[in-house]
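Take a look at the structure set out below.
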Amino acid sequence: MSTEIIDLADVGPIEHLAVPLPDGGGITVFRGRNDSGKSLSIGATERLCGGDVRLSQRDGAEEPGRVAGLGMTFSVGRTTRGKGELQATSIAGKLNIGDLIDPGIKDEKAADRARTKALCKLLGVEAKPELFHDALGGPTDFDMVVGEDALETDDVVEMQRRIKADCDKAARTEEDAAQRESGKAAALEASTEDVDWDVESDAAKLQAELEEAIKAEAALIERDEAAKKAAEAAHTAANALAEAVANYTGPSVEEAVAQTEKAKQEEREAVEAIEAAKAALKAAEAAASAAFDRAANAMSIEAGARSHATAIAGWEQTIDGGATVEPAADDINAAKHTVYNARDAVERGVRIRDAKKRASEIAQHKGKAEIHRETAETLRKAGKATEKVLSKVVEADTLTLKAGRWMTEHPDRGPVPYHERSRGTKAAIALDLAARRAREMTPEGMVVIPFPQEVWEGLDPDNRAKLAAQAKTLSVNLITAECAAGDVRCEVFGGNDA
């Protein structure tokens, strides 16, 4: 198998080192004691592949340092200058694969956010609000919920977190509003618990019934008062009649009439006597004069008798009027009770109408509460949907983002959080993602991926062998390091020392 060689000369502490990169993929391992130049060697390789690693010339070197390979040559002096055309692709500067495997954060959710940031950086996902518009129902709804502060970041993961926080805040506001509306509805319901909804409540009808009852009561009271006055007048008339009867000494009307008729007859006879006996004029005149006197007296008596009879008749009429039948007390009490019931019905009608009005208000408050709850639920879902946006932009076959957590599919256990998988499995998944992204960038040619020393050193021999086999399958070259005695040296894992 052919091998690409990267030549390092007079760089950092390294005088000369050949770095083999096997064609077809594999793992190149730098070994040596601490501070022997392992990290610098990896950095020089990254710089050659497009990374932004600062290099320095070896102390005491007469010529500028040199990094050459993969179609590029860098001259390392006071400045680092390169020439040539790179014949390989690297994720150097785009992804530290260790940030996927273990970002070094204890909080599991925070660690997964760091992994998401690493993937977004690898994939070149820009922090654009437009990514999240559809999750919130479009630009208009998005602008109504999301504040400007949420958008003032170039970190798409942080932007998602802020947008979700704004959604959750808006949802809590809607939930509080729903609770207030429900409270108002409950209070109004409590105020109508004792209302009988089946009785009459029409205001005009109840008022008419009250007015009719009041009129009936007033008529009975008026009759009662008139009867009492008539009875009092009858009593007075009866007393006057008794007194008049007791004190009157004259004849009756009939007797007075008879006397008057008799006197008139005598007058007539006297006149006739005057006419018949003019001779006895003086006697007749005297008789006539006496008769006139008697007639006048009789007429006076008649007038007194008539006046007495008139008074008697008036008193008798008054007495008869005093016999007016008074309304029964039960009837008056019934009328009063009818008025009371009518007034109570009017008041009850007011309460029922108020209750009906409150029932309408209750329905309105409940309707508003339901709208607020639905809006809150929509906002909660929108917040969760923003996570799906991230999951979609960093979509991978081996990883799925659920509720902010990266999940993997275990053959026996089903969905398992990525952080719970073994170091070897996490390394294999991370390598797969990095390699696929690199291959998207450059379908052909060599792919170089720096691999963290601490992760490599933490893998057992079996997982190292699996990782090497995976690198060959993916046709990528990993460069890593491990501590060992002696000066820095380089070899292909599973091969001979370079």
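Laboratory data are not the source of any read-out in this text; all were calculated from the coordinates shown. Here the structure is a predicted model, which means the values were calculated and not measured. Neighbour counts are summed over all protein chains in view; Cβ atoms, including those assigned to glycine, are modelled from backbone coordinates with ideal geometry.
Report the Stokes-Einstein translational diffusion coefficient (µm² s⁻¹, integer) for the stretch 25-160, Rh taken as the Kirkwood radius over Cα pairs, at 37 °C with viscosity 0.692 mPa s.
Numbers: Rh = 18.4 Å.
Value of D from the Cα-based Kirkwood radius: 178 µm²/s.
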Amide H proximity to Gln57 below 5 Å, modelled H, separation 5+ or other chain, gives Gly12
Karplus-derived 3J(HN,Hα), 6.51/-1.76/1.60, for each residue of the stretch 363-372, Hz, glycine and proline x: 4, 5, 4, 5, x, 5, 4, 5, 4, 4
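For a quick protection proxy, order the peptides 327-337, 27-37 by their average other-Cβ count within 10 Å, most packed first. Before the final figure, lay out the partial values.
Details: 327-337: 13.2, 27-37: 20.3.
Averaged packing, sorted descending, gives the order 27-37, 327-337.
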Between the Cα axis of helix 108-123 and the main Cα principal axis of the chain, the angle (0 to 90°, nearest 10) is 60 degrees
What angle, in degrees between 0 and 90 and rounded to the nearest 10, separates the Cα long axis of helix 281-321 from the longest principal axis of the Cα atoms of the chain? 20 degrees
Hey, what do the phi angles of the stretch 41-57 turn into as Karplus ³J(HN,Hα) couplings, whole Hz, using 6.51/-1.76/1.60 and θ = phi - 60°, x for Gly and Pro? 5, 4, x, 5, 5, 4, 4, 4, 8, x, x, 10, 9, 7, 10, 9, 6
Show me 152-162, 367-377 ranked by packing, highest mean number of other Cβ atoms within 10 Å first. 152-162, 367-377
Let me check the size of the stretch 201-261 from its C-alpha atoms; what are the radius of gyration and Dmax in Å? 25.0, 79
For P(r) over Cα pairs in 20 Å bins from 0, in percent, several values are listed as [x] 24, 60, 15, 0; [y] 22, 54, 23, 1; [z] 15, 23, 14, 9, 9, 8, 7, 7, 5, 3, 0; flag the one computed from this structure. [z]
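Ranking Ser391, Ser360 by Cβ neighbours within 10 Å, fewest first, what do you get? Present the calculation step by step, with values, prior to reporting the outcome.
Values: Ser391 18, Ser360 11.
Ranking Ser391, Ser360 by Cβ neighbours within 10 Å, fewest first, gives Ser360, Ser391.
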In degrees between 0 and 90, to the nearest 10, how far off the longest principal axis of the chain does helix 203-247 point, with axes built from Cα atoms? 20 degrees
Taking the alpha-carbon distance from Lys356 and a cut-off under 23 Å, which lysines remain once sequence neighbours fewer than 8 residues away in the same chain are dropped? Lys184, Lys205, Lys366, Lys368
Name the long-range amide H neighbours of Glu15: under 5 Å, sequence gap of 5 or more, or other chain; modelled H, no Pro or chain starts. Asp10
